[in-house]
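Data block below; observations after.
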Amino acid sequence: MVSANDELVNEDFASHDFKTAQHQEPAIVNIHENDNSKLVPSTTELTLEGLPKGSSVSEDKRRVAVPNEGVWTLDDLGNITFTPNKDFFKDPTPIEYQSKDGSGNLATARVTIDYPPVAMPDIIKRECNETTYMADVLSNDVSDEVFDISTLRIVDPMEIS
């Protein structure tokens, strides 16, 4: 038996959210666009569930700081914004939020942000008399996943206009 205050299955009320964003840009997700219309937006709170140790939530549960990643904030319109730290280039740990319907039933969902891989410029120094050289052109690129070497393409900068 489920009482009115027990956590319900997510699919019935709150749906998980996914957003692809640009590196070093805040990612904004309207979390209630895909949720059941019976949820009361003013009851929405961010949680620390599944976040790294050292994460902290504000007293009003509308701001969560995640060490070495960035800050999640919830506004009055139901937008959750992830603002990455200046030196953070990976996908942040997904955040969970909870909302209630008019009867007090609790629904929980997760927001996931995906930052696509970024190819960083490569600087290769060589001596004037060298005719060949080797460089690991993927070593300074940014991704949470292993790069697919078959997609690597070397471009002569002189050909770029």
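Report, ordered by the first and then the second residue, all pairs with beta carbons closer than 6 Å, sequence separation of six or more or different chains, a first member in the range 104-129 that is touching a residue at least 60 places away in the same chain (Cβ under 8 Å) and within 17 Å of Thr44 (Cβ to Cβ), and a second member that is part of a strand (DSSP E or B) and aliphatic (A, V, I, L, M).
Val111/Val29; Val111/Ile80; Val111/Ile95
What is the residue count in the range 94-106 for residues that are surrounded by fewer than 17 Cβ atoms within 10 Å (Cβ to Cβ) and under 24 Å from Asn68 (Cβ atoms)?
Qualifying residue count for the region: 0.
Which one of these does Ile80 not meet: (1) farther than 27 Å from Val146 by Cα; (2) modelled with pLDDT under 90?
(2)
When the range 107-129 is examined, which residues are found to be among the aliphatic types (A, V, I, L, M), surrounded by fewer than 17 Cβ atoms within 10 Å (Cβ to Cβ) and more than 24 Å from Val155 (Cα to Cα)?
none
Of everything in the range 27-45, what is of a type in the set (S, T, N, Q) and surrounded by fewer than 14 Cβ atoms within 10 Å (Cβ to Cβ)? Give them in sequence order.
Applying the first criterion (of a type in the set (S, T, N, Q)) to the range 27-45 yields 30, 34, 36-37, 42-44.
Listed by number, the residues that qualify are Asn34, Ser37, Ser42.
The values are calculated or read from the model by the stated rules, or taken from the named source; none is laboratory data. Values in this document were obtained by computation on a predicted structure and should not be read as measured data. Counting neighbours? That spans all protein chains shown, and the Cβs are built from the backbone with ideal geometry, glycine included.
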